[in-house]
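S.K.: I'd like to ask you about the structure that follows.
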There are 2 protein chains.
Amino acid sequence: MLKDNSGITSSGRIRHRRKSNEIPSEASKANGNHLLVNDQNKYRSMLIRAHSSVWMIGGFALVIYMGHMYIWAMVVVIQIFMVKELFNLLRKAHEDRRLPGFRLLNWHFFFTAMLFVYGRILRQQLVNTVTSDKVLYKLVSGLIKYQMVICYFLYIAGFIWFILTLKKKMYKYQFGQYAWTHMILFVVFTQTSFTVANIFEGIFWFLLPASLIVINDIAAYIFGFFFGRTPLIKLSPKKTWEGFIGASVTTMVSAFVLANIMGRFQWLTCPRKDLSTGWLHCDPSSIFKPEYYSLPGWFPEWFPWKEVSIMPVQWHALCLGLFASIIAPFGGFFASGFKRAFKVKDFGDSIPGHGGITDRMDCQMVMAVFAYIYHQSFIVPQNYSVEMILDQILRNLSFEEQRALYIKLGQIFIERQFGEL
Amino acid sequence: MLKDNSGITSSGRIRHRRKSNEIPSEASKANGNHLLVNDQNKYRSMLIRAHSSVWMIGGFALVIYMGHMYIWAMVVVIQIFMVKELFNLLRKAHEDRRLPGFRLLNWHFFFTAMLFVYGRILRQQLVNTVTSDKVLYKLVSGLIKYQMVICYFLYIAGFIWFILTLKKKMYKYQFGQYAWTHMILFVVFTQTSFTVANIFEGIFWFLLPASLIVINDIAAYIFGFFFGRTPLIKLSPKKTWEGFIGASVTTMVSAFVLANIMGRFQWLTCPRKDLSTGWLHCDPSSIFKPEYYSLPGWFPEWFPWKEVSIMPVQWHALCLGLFASIIAPFGGFFASGFKRAFKVKDFGDSIPGHGGITDRMDCQMVMAVFAYIYHQSFIVPQNYSVEMILDQILRNLSFEEQRALYIKLGQIFIERQFGEL
């Protein structure tokens, strides 16, 4: 079973100190009534964990303050660390020594995936950044036009490289590594690159979901620490119903409040349409404009407010909160199960008291995908607009085509009027 | 090593009959001068193979004749067979018996992937099909708008189902299966669904690449059979340089000729913009309009033609031919290596003499992706047009928004004129 010397798992909930051979779920049942708050040994590791947490949150806040490009850079750094941790998980040093250059291939695929994913997500921003310089503009739009082909040939180059370096008796290891590399890159990139799409839609859509996961984790830890008695799921024996429910309530309340606070800053709500780092101004989208609800008459007379102002985005935040507290923890369970299946304690040891970066990212990744899909499905359509299509017309059509479109559109209006008569 | 009783691999090139323990590359080196055409034992299995091939090609031609929807159905059937073969590859009956319903989960993910992929590729066609019925139109556009959310929740349901049915001591098997399922669905769907996108862009873009692979395979088989002496690659010891080169030349010539023939049929060149099966008419795209080149004066006088007509698409066909004969075979090498690594002879036994469906699809999948990317990068931009954007405007904007766009566009033209003065 898992070795656990620190007494605290990386998955944000609490575990009892125990001998490494004890079967976890039995142990927690037996000690169900033993509150961790009374266990003095816990405090030291809690301190280490709290210390790293403060540093992480501080660094995170600084990056948010610095803006979109820096947040993107942070995401890339996290991706590199995660991929590195996961690559190493199934790596066999003995086998690798017989396959010179085989590791390099992984990073070739990593680089290709990066070029592909960020090229697609940020192509619009990139184009907008270079519009003032005609030569650069031509170059960039050419590169973007052929981006898929370029990435495809980079990939094919790696694919052929792989096949040509297949070595007898190593086939199984090599194919296993190939599959594993693709699996990792697929999981890491599909999950984390959504984050980058969110960032440029407005930091809000990245910051709120990420904060909710952190809040949910910390709240579950604290509630579990002080009140945890009833085990939640066999897979993660240290997670308790008390932690789960306490965290859910905390997260929902935080979501509602935080959305209101974050929604006031244009720095967080405006989309960034190019790759610059300057100050942002925009006409805030309607979901960030407060609506006023008058309170019913039965509110006590000494109550100072007669009406409350709520931004529509706060209702959306509740959905995000619900997901962050109910579904996202399954990302953690999945990671626990995975670590258990492959008999590793943590994915790495980059963060003292927390384990690897990957250990901290399990729920974040699930959340990032949801936030992106939620934003695309329920927020964007309201903004789907004249602006977007106008943009397309001016960007993709030649002057003559623009004129042709204008004329056709005019004709359609005329036909329509006749149809109505 | 591989067991090989039929004497012919599924990978379309020829192998010598040999004891199963013989090391393949040594064997082929030793027998390098032994032409297969002289080996009487080969003829029986060649006959079986030829027989299935004729049936397959006949069935294929019928489906092409019937049209887009039937070709799509054929692709789906192939996908189901492939996924089934691949699922079974790592399946352990003993373990499965202890995990009731675990197999069902795979198909749940398969269904979800299908809904996601085809929903995205064919959304435009689906909308165009139902535009005449207002109620249906509203329903369909609602479904499409929330398609991502629907698929996401189907996926999350499977994910939670997986976690909740994790069984002690089975973790490793279950996680392995989970990873394998995702890997298969990812490979099969990314590779084959491009095919469907190609089909609706015009059957030409599906039929030509697929034919080139078949021609390349058959030509390599025949050239290898009659002239094969020099081994090509250790991984597939039965492939020879003679087969490879003969096939390349055949494929290039066929590509150039076939493109001209196929380019004459509107049934093959017109895109299909809805989900109907009726006859197709369209103004053929400029790449299908023949251009005339007069032959230089030194052509012999008795030569009957003074000029040749070449469609621009024929030059593109040469690129496809080049890829089909040089790069696509690596798909076959990859599959050979994979089968070798996991010690299976074929992926299945669906087609007599050929092995499983997957064995026939290895190069086809590599080709389909290339054809799609090639079409998107080098063909579509020429057609990127006023029509497309007009379509978008009429579909996505309300009447008022359409008017607003019209007015803004008019203003921009006026400003531009002032800028020029």
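The numbers here are math on the coordinates, done by the rules we state, and not lab data. Predicted, not measured: the structure shown is a model, and the values here were computed from it. When we count neighbours, we look across all protein chains shown, and the Cβ atoms used for this are built from the backbone with ideal geometry, even at glycine.
S.K.: Is there a pair in A:LYS84/B:LYS343; B:LYS92/B:LYS239; A:LYS145/A:LYS408; B:LYS172/B:LYS343 whose C-alpha atoms are over 23 Å apart, and which pairs would that be?
M.R.: On the way: A:LYS84/B:LYS343 30 Å; B:LYS92/B:LYS239 33 Å; A:LYS145/A:LYS408 27 Å; B:LYS172/B:LYS343 21 Å.
Those over the limit are A:LYS84/B:LYS343; B:LYS92/B:LYS239; A:LYS145/A:LYS408.
S.K.: Mind checking which helices in chain A clear 27 Å along their axis (Cα) and have mean Kyte-Doolittle hydropathy of 0.5 or more, DSSP H runs only?
M.R.: Qualifying helices, which must be both long enough and hydrophobic enough, are A:42-66, A:68-89, A:102-121, A:204-227, A:241-262.
S.K.: Provide B:PHE204, B:PHE299, B:PHE226 in ascending order of the number of other Cβ atoms located within 10 Å of each residue's Cβ, fewest first.
M.R.: Details: B:PHE204 26, B:PHE299 11, B:PHE226 14.
Taking fewest neighbouring Cβ atoms as first place, the list is B:PHE299, B:PHE226, B:PHE204.
S.K.: Name the lysines eligible as straight-distance cross-link partners of A:LYS289: C-alpha to C-alpha under 23 Å, and not fewer than 8 places from it in the same chain.
M.R.: A:LYS273, A:LYS306
S.K.: Still on this structure, please answer the following. At a 4.7 angstrom Cβ threshold, list every cysteine in chain B that has nobody to pair with, or say none.
M.R.: Lone cysteines by the Cβ rule: B:CYS151, B:CYS319, B:CYS363.
S.K.: Report, as an integer, the average count of C-beta atoms from other chains found within 10 Å of each Cβ along A:386-393. Working shown, then result.
M.R.: Numbers: counts 13, 3, 3, 10, 6, 0, 4, 9.
Neighbouring Cβ atoms belonging to other protein chains average 6 per residue here.
S.K.: Between B:TRP305 and B:LYS145, what's the calculated FRET efficiency when r is the beta-carbon distance and R0 is 45 Å? Round to 0.05. Intermediate values should be presented prior to the final figure.
M.R.: Values: r = 56 Å, r/R0 = 1.25.
The computed FRET efficiency comes out at 0.20.
S.K.: What does the charge add up to near A:LYS273, with Lys and Arg as +1, Asp and Glu as -1, over the other residues with Cβ less than 11 Å from its Cβ?
M.R.: Values: positive: A:ARG272; negative: A:GLU201, A:ASP274, A:GLU387, A:ASP391.
Local net charge: -3.
S.K.: On average, how many beta carbons from a partner chain sit within 10 Å of the beta carbon of a residue in B:370-377? Spell out each step's value before the answer.
M.R.: Working: counts 4, 0, 2, 6, 3, 0, 3, 7.
Whole-number average of other-chain Cβ neighbours for B:370-377 is 3.
S.K.: Using +1 at the Cβ of each Lys and Arg and -1 at the Cβ of each Asp and Glu in the protein assembly as shown, identify which of A:PHE342, B:MET69, A:GLN147 lies farthest towards the dipole's positive end.
M.R.: Positive-most Cα among the choices belongs to A:PHE342.
S.K.: Give the order of A:ASP96, B:ASP274, A:ASP362 when sorted by the count of other beta carbons within 10 angstrom, beginning with the fewest. Don't skip to the end; give the middle numbers.
M.R.: Working: A:ASP96 14, B:ASP274 17, A:ASP362 26.
In increasing order of surrounding Cβ atoms, one gets A:ASP96, B:ASP274, A:ASP362.
S.K.: If R₀ is 25 angstrom, what is the calculated FRET efficiency for the pair A:VAL249 and A:CYS319, using the beta carbon separation as r and rounding to 0.05?
M.R.: On the way: r = 16 Å, r/R0 = 0.63.
Step by step, r from the Cβ atoms, then E = 0.95.
S.K.: Using a 10 Å cut-off around each Cβ, can you sort B:ILE156, B:ILE287 from fewest to most neighbouring Cβ atoms? Don't skip to the answer; put the middle values down first.
M.R.: Details: B:ILE156 17, B:ILE287 20.
With the fewest neighbours first, B:ILE156, B:ILE287 line up as B:ILE156, B:ILE287.
S.K.: Provide an ascending nm list, one decimal, of label-point separations from A:MET388 to the equivalent residue in each further copy; define each label point as 7 Å from Cα along Cα→Cβ.
M.R.: In ascending order, 1.6 nm.
S.K.: Take the alpha carbon atoms of segment A:218-287, find their center, do the same for segment A:136-178, and report the distance between the two centers in whole angstrom.
M.R.: Answer, in whole Å: 38.
S.K.: So which aspartates and glutamates pass the test for A:LYS234, namely a Cα distance under 12 Å, with those fewer than 8 places away in the same chain ruled out?
M.R.: Hits, sequence-local ones excluded: A:GLU26.
S.K.: Relative contact order, percent, of chain B when contacts are C-alpha pairs under 8 Å separated by at least 6 residues?
M.R.: 23
S.K.: How crowded by other chains is A:404-410, given as the mean number of beta carbons from other chains within 10 Å of each beta carbon? Show your work: numbers first, answer last.
M.R.: Details: counts 4, 9, 7, 1, 5, 11, 3.
The mean count of partner-chain Cβ atoms within 10 Å per residue comes to 6.
S.K.: Summing -39500 (n - 2.57) over the DSSP H runs of n ≥ 4 in chain A and dividing by its residue number, what mean residue ellipticity at 222 nm do you reach, to the nearest 500 deg cm²/dmol? Mind dumping the intermediate values first?
M.R.: Details: 18 runs with 281 residues, N = 421.
-22000 deg cm²/dmol, from helical runs alone.
S.K.: Quick one: if the Förster radius is 60 Å, what FRET efficiency do B:ILE261 and A:LEU47 give, using the C-beta to C-beta distance and rounding to 0.05? Show your work: numbers first, answer last.
M.R.: Numbers: r = 77 Å, r/R0 = 1.29.
Step by step, r from the Cβ atoms, then E = 0.20.
S.K.: Do any GluC sites (Glu not before Pro) in segment B:287-391 lie in a DSSP loop with no more than 16 other beta carbon atoms within 10 Å, and if so, which?
M.R.: Details: sites: B:GLU291, B:GLU301, B:GLU307, B:GLU387; in loops: B:GLU301.
When the GluC sites (Glu not before Pro) of segment B:287-391 are filtered for loop state and at most 16 Cβ neighbours within 10 Å, B:GLU301 remain.
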